[in-house]
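Engineer: Okay, handing you the structure first.
The values are calculated or read from the model by the stated rules, or taken from the named source; none is laboratory data. Treat the numbers as computed from the prediction; the structure is a model and nothing was measured. Note that each Cβ is placed from the backbone with ideal geometry, even for glycine, and that neighbours are counted across all protein chains shown.
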Amino acid sequence: MSTALYTQLLNLVAGAFLLTAVLILWRRELSGIIDVFALQGLALAALVGIIAAAEGSAELGAVAVGVLVLRAGVLPWVLRRAAAAAGAAQRETKPLVNVVSSLLAAAALTLLAYAVSQPLVELAPSPATHAIPVGMAVVLIGFFVLVTRRLALSQLVGFLLLDNGITAVGFLTATGVGLIVELGVSLDVLLVVLVLQVLKTRMREAFGATDLDELRGLHD
Amino acid sequence: MTNAPIWDWPAWLMTAPVVLPLIGALIYALVGWRGSTRWVGVVSAACVLAAAIAIAVGVTASGPQVSFFGLLRVDALSAFLLIVIGTVALISAVATPSHLAVEVEAGRADERDCRRMVMLVQVFLALMAVAVLAAGLGVVWVAIEATTIVTAFLVGQRRDRAAVEAAWKYVVICSTGIALALLGTFLLNFAAQHTASPSPGLDWVDLVAAAPHLDPGVTRIAVALLIVGFGTKAGLAPLHAWLPDAYSQAPAPVSALMSGVLVSVAFYAVLRVKVIADAALGPEFTRALLVVLALASLILAASLLLGQRDYQRMLAYSSIENMGLVALGAAIGSPLAIAAVLLHLFGHGLVKSSLFVGAGRILQVTGSSRIDRVRGLAAREPLLAGCFGFAVLAIIAFPPFALFASELGIARAGFAAGMGWQLATALLLVLVIAASLVNHTSRMLLGTPVAAVAAPSQAAASKETVVDAAGLEAVDLAPIPAAGPFSSPPVAVRMLPARSAVVPAVAVASPIPAVVPIAIEVPGPTVADAHRSRPGAEIYAMGGALLTCAVLGLTLGPLGPLLAQATAIITRTP
């Protein structure tokens, strides 16, 4: 793969990765949000695949397949099942911050991510490290979704967005942290999602809804 | 590292604290919770403690060892934390059978709930052991995140509204915090890959060796993320919100474990990161960061303790306070301060776990977690009230308990290091917190039992006699006069000693605008009268913990050399 093609592909995929994060802010229907999230998983897997191809690393290629299965397959499937169990089409009717302001906030967060990531890019300038700010922006947007959305399921998507961003940064810094850690991280993420899904089911049994506004019992 | 080993201890020994609880979990999974397996948890915790002591002896004598394909490595710091884990696990395990017996009797739990709880507790223990034994940052991260997953079901065990809410918050906040730590781990690894020497990976020893060559810009971002991330799990502000909910909803033995060691294990990770950060960036960066986190935690704990109405949440905020103090000690960073921090982690683990065990018993006896529903406990349950009272005195750092020695050490080290105003602010907040804790506790232990409260004048009249009956606790709890609206004037006036001259300035226990959290009102009958008179295993666990804590405050004994070596690892002084 020529360097120019590699750079172009990498930029394209990184752009798609960021765009899907912004789309998640824009969509209100839960089913739509989950579709976009699956697309993002696809973009992340493509990102890893491109890096693997450029480095000619079979091991990284296998990891890319693993990312594809987990992030574009298993996790969206779990989310869809949870959404289906919740019954009627769920909409994020009144998030704490409305959609237009959310999009503006996403723009601001992206700028912030670029500012914060400067030392990371300067340490080892390369096409891959130039994409690190995109990963950081997705981390920040995920955090934003986590704190401003009211449905339990969209909060879960926010957490996964954050996690996708972190994974992207991990691969873009081109530093495998060892297969055991990689496996442990993936397993932990999967388990967190499953635990939260179980809790969400129990929440519906106890509250009759999964609107996080219902979570008001415990405070000081 | 090993020079002239006196006793070359076998490396497989370090897998024992991981394997033994897993065997315990397996036994519970296969056999379930019944008469014959009731004491498996105690045996497992005692074996973990024994293995920890053996490892500690080996490490002090012949230095660190690596095992299990280089994934596990034990040095003096790990060995010290292992002893903390083993001790607190033993306290919690001893209290478990009688706690569960009452829960089953009251119909709040069945055999399946019990089996799941004790099984998860064993897995939880094994994971904490992995976290302190891990040779590198990556495995520590995986283990600490896995503790969140395991304990989520323990927090949400009761399945009612409050428990599910607490569990949801716990998992979301802790996982997010720990995710930040993962980002920090990736970035630190990135910085490590671009040093001149061959890549050190995520191994603690290699990272510390390579630290002076790490890129400062990247390392700064990584360290901030790691400290805030692991600080979340350690209960430090700003991501502390899970802690009061989780502690107040989890079953008492689990709260004891979480408050006693989970926070310490998370703070252990912060200490390890601090070693790398100090070598790479100089001490100023972590010091500033930790001071901010510490003071924020202390301010938060002080403000929310003043008007607290739930005693389990009161204990939880006291944990946030203690972690704030520990963070302050770590910020100071001198050998004295670090030794005090480690001692504080141990002392806090002992006392806080016994407090939660006691609180669980009080909840079973009275059926409410509201402070104002637990009046006159000293008259009804003198032994339990006495232990609880002494434990509260220990947690506010009365001598001779270990927390007195450690807080004194932190204060002395802080003033010596020229951190005067930070220390003064912290000590003032600690005084406020101590005053609120004593005020709330005296309301719980003294006075007339709830049934008689209906007639206030009558209650006031009988207060004198109740105080006399309470005897010991009244004298102990009197030093700081209770100035809240619920205070008991006879006690305050009668016992006013010279020390209280310091206090009026801080005894402003005017409750914050009334916000009423849901208190636990457990359904079903409370403990039967027959049970009530018999001192349960809780009392032995609490008494043993308090005694250990008092002995530790007077002398470190054989723990001294281990503590000195662990301190040297963090301060990097030979």
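Engineer: Residues to consider are A:Leu60, A:Leu9, A:Leu68, A:Leu79; find the one that is touching a helix residue (DSSP H, G or I) at 6+ places or on another chain (Cβ under 7 Å), closer than 23 Å to A:Leu196 by Cα, touching a residue at least 24 places away in the same chain (Cβ under 8 Å) and surrounded by fewer than 22 Cβ atoms within 10 Å (Cβ to Cβ).
Structural biologist: Details: A:Leu60 fails: closer than 23 Å to A:Leu196 by Cα; A:Leu9 fails: closer than 23 Å to A:Leu196 by Cα; A:Leu79 fails: surrounded by fewer than 22 Cβ atoms within 10 Å (Cβ to Cβ).
Going through A:Leu60, A:Leu9, A:Leu68, A:Leu79 in turn, the sole match is A:Leu68.
Engineer: For the stretch A:127-139, which residues satisfy the criterion of being more than 11 Å from every other protein chain (Cβ to nearest Cβ) and either free of Cβ contacts under 8 Å to residues at least 40 places away in the same chain or closer than 7 Å to A:Ala113 by Cα (or both)?
Structural biologist: Once the filter is applied, which keeps residues that are more than 11 Å from every other protein chain (Cβ to nearest Cβ) and either free of Cβ contacts under 8 Å to residues at least 40 places away in the same chain or closer than 7 Å to A:Ala113 by Cα (or both), the stretch A:127-139 yields A:His130, A:Pro133, A:Ala137.
Engineer: From the list B:Ile320, B:Ile299, B:Ile338, pick out the single residue that is of a type in the set (Val, Ile, Thr), within 20 Å of the chain's Cα centre (by Cα), assigned to a helix (DSSP H, G or I) and surrounded by fewer than 24 Cβ atoms within 10 Å (Cβ to Cβ).
Structural biologist: Values: B:Ile320 fails: surrounded by fewer than 24 Cβ atoms within 10 Å (Cβ to Cβ); B:Ile338 fails: surrounded by fewer than 24 Cβ atoms within 10 Å (Cβ to Cβ).
None of the others qualify; the one that does is B:Ile299.
Engineer: Now for a different question. Which of the following residues is farther than 17 Å from A:Val169 by Cα, of a type in the set (S, T, N, Q), away from every other protein chain (no Cβ under 14 Å) and within 20 Å of the chain's Cα centre (by Cα): A:Ser102, A:Ser57? Break it down stepwise before answering.
Structural biologist: Details: A:Ser57 fails: within 20 Å of the chain's Cα centre (by Cα).
When all the criteria are applied, what remains is A:Ser102.
Engineer: Also, I was wondering about something else. Just checking, does the stretch A:106-117 include any residue being aromatic (Phe, Trp, Tyr) and farther than 28 Å from A:Asn11 by Cβ? Give the derivation first.
Structural biologist: Taking the stretch A:106-117 first, the residues aromatic (Phe, Trp, Tyr) are A:114.
Still in the list and also farther than 28 Å from A:Asn11 by Cβ: none.
So far as the stretch A:106-117 goes, no, none of its residues is aromatic (Phe, Trp, Tyr) and farther than 28 Å from A:Asn11 by Cβ.
Engineer: Right, next: Among the helices (runs of 4 or more DSSP H) contained in the stretch B:192-285, which hold 3 or more residues that are out of contact with any helix residue (DSSP H, G or I) (no Cβ under 7 Å at 6 or more places or on another chain)? Reasoning before the result, please.
Structural biologist: On the way: elements: B:204-210, B:216-233, B:242-249, B:252-257, B:263-281.
Where helices (runs of 4 or more DSSP H) fall fully within the stretch B:192-285 and carry at least 3 residues being out of contact with any helix residue (DSSP H, G or I) (no Cβ under 7 Å at 6 or more places or on another chain), they are B:204-210.
Here's the yes/no breakdown for (1) touching a Lys or Arg at 6+ places or on another chain (Cβ under 9 Å); (2) more than 28 Å from B:Ala564 (Cβ to Cβ); (3) not aliphatic (A, V, I, L, M):
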site: B:Pro238; (1), (2), (3): no, yes, yes
site: B:Ser259; (1), (2), (3): yes, no, yes
site: B:Ala280; (1), (2), (3): yes, no, no
site: B:Gly324; (1), (2), (3): no, no, yes
site: B:Pro335; (1), (2), (3): no, no, yes
site: B:Gly349; (1), (2), (3): no, no, yes
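Engineer: Looking at the stretch B:34-42, is at least one residue at pLDDT below 95, under 25 Å from B:Thr571 (Cα atoms) and buried (at least 19 other Cβ atoms within 10 Å of the Cβ)?
Structural biologist: no
Engineer: Any chance the stretch B:23-31 includes a residue that's over 25 Å from B:Tyr540 (Cβ atoms) and not aliphatic (A, V, I, L, M)?
Structural biologist: no
Engineer: So, B:Thr185, is that one part of a loop (DSSP other than H, G, I, E, B) and either within 12 Å of chain A (Cβ to nearest Cβ) or surrounded by fewer than 24 Cβ atoms within 10 Å (Cβ to Cβ) (or both) or not? Break it down into steps so the answer makes sense when it comes.
Structural biologist: Working: part of a loop (DSSP other than H, G, I, E, B): no; either within 12 Å of chain A (Cβ to nearest Cβ) or surrounded by fewer than 24 Cβ atoms within 10 Å (Cβ to Cβ) (or both): yes.
Against the criterion (part of a loop (DSSP other than H, G, I, E, B) and either within 12 Å of chain A (Cβ to nearest Cβ) or surrounded by fewer than 24 Cβ atoms within 10 Å (Cβ to Cβ) (or both)), B:Thr185 does not qualify.
Engineer: I'd like the full set of residues that are touching a residue at least 60 places away in the same chain (Cβ under 8 Å) and closer than 21 Å to A:Leu162 by Cβ, limited to the stretch B:185-201.
Structural biologist: Scanning the stretch B:185-201 gives a single hit, B:Leu188.
Engineer: Just for the stretch B:147-160: of the residues that are in contact (Cβ under 8 Å) with a residue 60 or more places away in the chain and among the hydrophobic types (A, V, I, L, M, F, W, C), which one is nearest to the other protein chains (Cβ to nearest Cβ)? Reasoning before the result, please.
Structural biologist: We begin by selecting, within the stretch B:147-160, every residue in contact (Cβ under 8 Å) with a residue 60 or more places away in the chain; these are B:147-148, B:151, B:154-158.
Applying the additional criterion that residues be among the hydrophobic types (A, V, I, L, M, F, W, C) yields B:154-155.
Working: B:Leu154: 12, B:Val155: 10 Å.
Here the answer is B:Val155.
Engineer: Next question. Inspect all residues belonging to the stretch B:66-73 and state whether any of them is hydroxyl-bearing (Ser, Thr, Tyr) and more than 18 Å from B:Leu345 (Cβ to Cβ). Give the derivation first.
Structural biologist: Here is the first cut: in the stretch B:66-73, the ones hydroxyl-bearing (Ser, Thr, Tyr) are B:67.
Subset that is more than 18 Å from B:Leu345 (Cβ to Cβ): B:67.
Yes: the stretch B:66-73 contains one or more residues that are hydroxyl-bearing (Ser, Thr, Tyr) and more than 18 Å from B:Leu345 (Cβ to Cβ).
Engineer: Hey, among B:Leu293, B:Leu305, which residue is within 14 Å of another protein chain (Cβ to nearest Cβ), closer than 30 Å to B:Ile371 by Cα, within 19 Å of the chain's Cα centre (by Cα) and touching a residue at least 40 places away in the same chain (Cβ under 8 Å)? Please lay out each step first, then the result.
Structural biologist: Values: B:Leu293 fails: within 14 Å of another protein chain (Cβ to nearest Cβ).
None of the others qualify; the one that does is B:Leu305.
Engineer: Can I ask one more? For the stretch B:154-175, state whether one or more residues are closer than 21 Å to B:Ala51 by Cβ, modelled with pLDDT under 90 and either in contact with a Gly (Cβ under 9 Å, 6 or more places away or on another chain) or not aromatic (Phe, Trp, Tyr) (or both).
Structural biologist: Restricting attention to the stretch B:154-175, the residues satisfying the condition of being closer than 21 Å to B:Ala51 by Cβ are none.
For the stretch B:154-175, residues closer than 21 Å to B:Ala51 by Cβ, modelled with pLDDT under 90 and either in contact with a Gly (Cβ under 9 Å, 6 or more places away or on another chain) or not aromatic (Phe, Trp, Tyr) (or both): absent.
Engineer: Now for a different question. Could you give me the residue pairs with C-beta distances under 6 Å whose first residue belongs to the stretch B:433-449 and is basic (Lys, Arg), whose second residue is surrounded by fewer than 24 Cβ atoms within 10 Å (Cβ to Cβ) wherever it lies, and which are 6+ apart or on separate chains?
Structural biologist: Every condition considered, the pairs that remain are B:Arg443/B:Ile371; B:Arg443/B:Phe486.
Engineer: Moving on to the next point. Applying the selection to the stretch B:131-146, what residues are more than 8 Å from chain A (Cβ to nearest Cβ) and in a helix (DSSP H, G or I)?
Structural biologist: Within the stretch B:131-146, B:Ala131, B:Val132, B:Leu133, B:Leu137, B:Val140, B:Ala143, B:Ile144 qualify.
Engineer: Collect the residues in the stretch B:195-252 that are charged (D, E, K, R), within 11 Å of another protein chain (Cβ to nearest Cβ) and farther than 26 Å from B:Ser303 by Cα, keeping them in residue-number order.
Structural biologist: Keep residues of the stretch B:195-252 that are charged (D, E, K, R), which gives B:203, B:206, B:215, B:220, B:233, B:245.
From the residues that got through so far, the ones that are within 11 Å of another protein chain (Cβ to nearest Cβ) too are B:203, B:215, B:220, B:245.
Those that are charged (D, E, K, R), within 11 Å of another protein chain (Cβ to nearest Cβ) and farther than 26 Å from B:Ser303 by Cα: B:Asp203, B:Asp215, B:Arg220.
Engineer: Please indicate, with yes or no, whether at least one residue in the stretch A:37-56 is touching a strand residue (DSSP E or B) at 6+ places or on another chain (Cβ under 6 Å) and touching a residue at least 12 places away in the same chain (Cβ under 8 Å). Quick ask: steps written out before the conclusion?
Structural biologist: Let us first name the residues in the stretch A:37-56 that are touching a strand residue (DSSP E or B) at 6+ places or on another chain (Cβ under 6 Å), namely none.
Within the stretch A:37-56 (the criterion being touching a strand residue (DSSP E or B) at 6+ places or on another chain (Cβ under 6 Å) and touching a residue at least 12 places away in the same chain (Cβ under 8 Å)), the answer is no, since none of the residues qualifies.
Engineer: Now for a different question. Among the helices (runs of 4 or more DSSP H) lying completely within the stretch B:342-458, list those that include at least 1 residues that are under 29 Å from B:Arg108 (Cβ atoms).
Structural biologist: B:377-380, B:382-395, B:420-445
Engineer: Take the conditions closer than 25 Å to B:Leu547 by Cα and either assigned to a helix (DSSP H, G or I) or within 14 Å of chain A (Cβ to nearest Cβ) (or both) and apply them to B:Val59. Does it pass?
Structural biologist: Values: closer than 25 Å to B:Leu547 by Cα: no; either assigned to a helix (DSSP H, G or I) or within 14 Å of chain A (Cβ to nearest Cβ) (or both): yes.
No: the conditions fail for B:Val59.
Engineer: Then there is this: Regarding A:Leu191, is this residue surrounded by fewer than 23 Cβ atoms within 10 Å (Cβ to Cβ) and either within 7 Å of another protein chain (Cβ to nearest Cβ) or at pLDDT 90 or above (or both)? Give the derivation first.
Structural biologist: Details: surrounded by fewer than 23 Cβ atoms within 10 Å (Cβ to Cβ): yes; either within 7 Å of another protein chain (Cβ to nearest Cβ) or at pLDDT 90 or above (or both): yes.
It is true that A:Leu191 is surrounded by fewer than 23 Cβ atoms within 10 Å (Cβ to Cβ) and either within 7 Å of another protein chain (Cβ to nearest Cβ) or at pLDDT 90 or above (or both).
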